[in-house]
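What follows is a short report on a single structure.
The values are calculated or read from the model by the stated rules, or taken from the named source; none is laboratory data. Small disclaimer: the values here were computed from a predicted structure and weren't measured. All Cβ positions, glycine included, derive from the backbone under ideal geometry; neighbour counts span all protein chains shown.
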Amino acid sequence: MRIRSLLALFVWTFFLVSCQNTNEYLYQKDNAPITSKNIDSPVFWDPNAKIQMMIFSDFQCPACIYFEKNIWNKILTDYAMTNKIWLTYKNFPLPFHKNAMDDANASMCALSEWKYKVFAEKMYALEDAKKWERVTKIERQNIAKETGLNMDNFNKCMDEWFYISKIKEDMDIWDKLWLEWTPSVYVNWKNLDFRNPDEFFKILDQLIK
């Protein structure tokens, strides 16, 4: 039992260190046009719910992938879809995750056609399969096609970085909240530990009551 606990601790330490903010903002696109467009964050269900949940995430982050696999669907189906909570996603693509900024912009491109959820699920699955390898332009385009996006719009959105300003706005919120890693789950502006799913939902239920 002790060995299992130590192994779990090691895995979580790796996850969080690999998804920890270093405050190194190195996002540049050489010779790439940047078009600033406004867009709201992806939101799910009742904005007037008592419980307001904000999730900061990075598609390449192993801890975020774990969160999506083990916690996201229950949050969506049991809490958001039943109007117990209002849920929004914020982007925090970590600088040393080389796929993360393009992944984030791609997800916003999908959001502009109201298909964020399906696209995001496929993006997390691809990053999980790639295991830190570089995601190609064609692979993102394939997800866009599978999601049913307008490919001319998607390609233009990606080439011109339509939503870079929105992503940086999310990152500024992250900085103001003094967050350390992804995913960070804020419930009514309190950071909620997700590493033990049973305890996570127990605390969430208590907040709702």
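Within the range 118-146, count every residue that is outside any loop (DSSP other than H, G, I, E, B) and surrounded by fewer than 21 Cβ atoms within 10 Å (Cβ to Cβ). Give the derivation first.
Our first condition is that a residue be outside any loop (DSSP other than H, G, I, E, B); within the range 118-146, this holds for 118-130, 137-146.
Subset that is surrounded by fewer than 21 Cβ atoms within 10 Å (Cβ to Cβ): 118, 121-122, 125-126, 128-130, 137-139, 141-142, 145-146.
Count: 15.
Do we find that residue 103 is of a type in the set (D, E, K, R), crowded, with 19+ Cβ neighbours inside 10 Å and either part of a helix (DSSP H, G or I) or in contact (Cβ under 8 Å) with a residue 24 or more places away in the chain (or both) in this structure? Spell out the reasoning first.
Details: of a type in the set (D, E, K, R): yes; crowded, with 19+ Cβ neighbours inside 10 Å: yes; either part of a helix (DSSP H, G or I) or in contact (Cβ under 8 Å) with a residue 24 or more places away in the chain (or both): yes.
Judged against the criteria, residue 103 is a match.
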Report, by residue number, each residue of the range 41-62 that is within 24 Å of residue 140 (Cα to Cα) and either among the β-branched types (Val, Ile, Thr) or free of Cβ contacts under 8 Å to residues at least 40 places away in the same chain (or both).
43, 55
Is one or more of the residues making up the range 37-56 touching a Pro at 6+ places or on another chain (Cβ under 7 Å) and either farther than 17 Å from residue 173 by Cα or modelled with pLDDT of 90 or more (or both)?
yes
For the range 118-134, which residues satisfy the criterion of being in contact (Cβ under 8 Å) with a residue 12 or more places away in the chain and under 13 Å from residue 65 (Cβ atoms)?
120, 121, 122, 123, 124, 126, 127, 128, 130, 132
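Here is a check on your reading of the model: is residue 181 surrounded by 14 or more Cβ atoms within 10 Å (Cβ to Cβ), within 22 Å of residue 63 (Cα to Cα) and touching a residue at least 24 places away in the same chain (Cβ under 8 Å)? I'd like the intermediate steps shown before the answer.
Numbers: surrounded by 14 or more Cβ atoms within 10 Å (Cβ to Cβ): yes; within 22 Å of residue 63 (Cα to Cα): yes; touching a residue at least 24 places away in the same chain (Cβ under 8 Å): yes.
For residue 181, the condition - surrounded by 14 or more Cβ atoms within 10 Å (Cβ to Cβ), within 22 Å of residue 63 (Cα to Cα) and touching a residue at least 24 places away in the same chain (Cβ under 8 Å) - is met.
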Do we have residue 66 as among the hydroxyl-bearing types (Ser, Thr, Tyr), at pLDDT 85 or above, surrounded by 14 or more Cβ atoms within 10 Å (Cβ to Cβ) and in a helix (DSSP H, G or I) here?
yes
Restricting the first residue to the range 70-93 and requiring it to be over 18 Å from residue 209 (Cβ atoms), which pairs with a second residue that is of a type in the set (Ser, Thr, Tyr) and part of a helix (DSSP H, G or I) meet a Cβ separation below 9 Å and a spacing of at least six or different chains?
72/124; 87/79; 89/107; 89/116; 91/107
May I ask you to list the residues in the range 184-199 that are surrounded by fewer than 16 Cβ atoms within 10 Å (Cβ to Cβ) and of a type in the set (Phe, Trp, Tyr)?
189
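Just checking, which of 145, 115 is of a type in the set (D, E, K, R), in contact with a helix residue (DSSP H, G or I) (Cβ under 8 Å, 6 or more places away or on another chain) and either in contact (Cβ under 8 Å) with a residue 60 or more places away in the chain or closer than 24 Å to residue 80 by Cβ (or both)?
Values: 145 fails: either in contact (Cβ under 8 Å) with a residue 60 or more places away in the chain or closer than 24 Å to residue 80 by Cβ (or both).
That would be 115, the only listed residue that is of a type in the set (D, E, K, R), in contact with a helix residue (DSSP H, G or I) (Cβ under 8 Å, 6 or more places away or on another chain) and either in contact (Cβ under 8 Å) with a residue 60 or more places away in the chain or closer than 24 Å to residue 80 by Cβ (or both).
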Failed condition for residue 202, given (1) under 24 Å from residue 44 (Cβ atoms); (2) over 18 Å from the mean Cα position of the chain (by Cα); (3) surrounded by 15 or more Cβ atoms within 10 Å (Cβ to Cβ), with all others met?
(3)
Any chance residue 98 is more than 28 Å from residue 180 (Cα to Cα) and charged (D, E, K, R):
no
Please indicate, with yes or no, whether at least one residue in the range 76-86 is among the β-branched types (Val, Ile, Thr), within 18 Å of residue 116 (Cα to Cα) and either surrounded by 20 or more Cβ atoms within 10 Å (Cβ to Cβ) or at pLDDT 95 or above (or both).
no
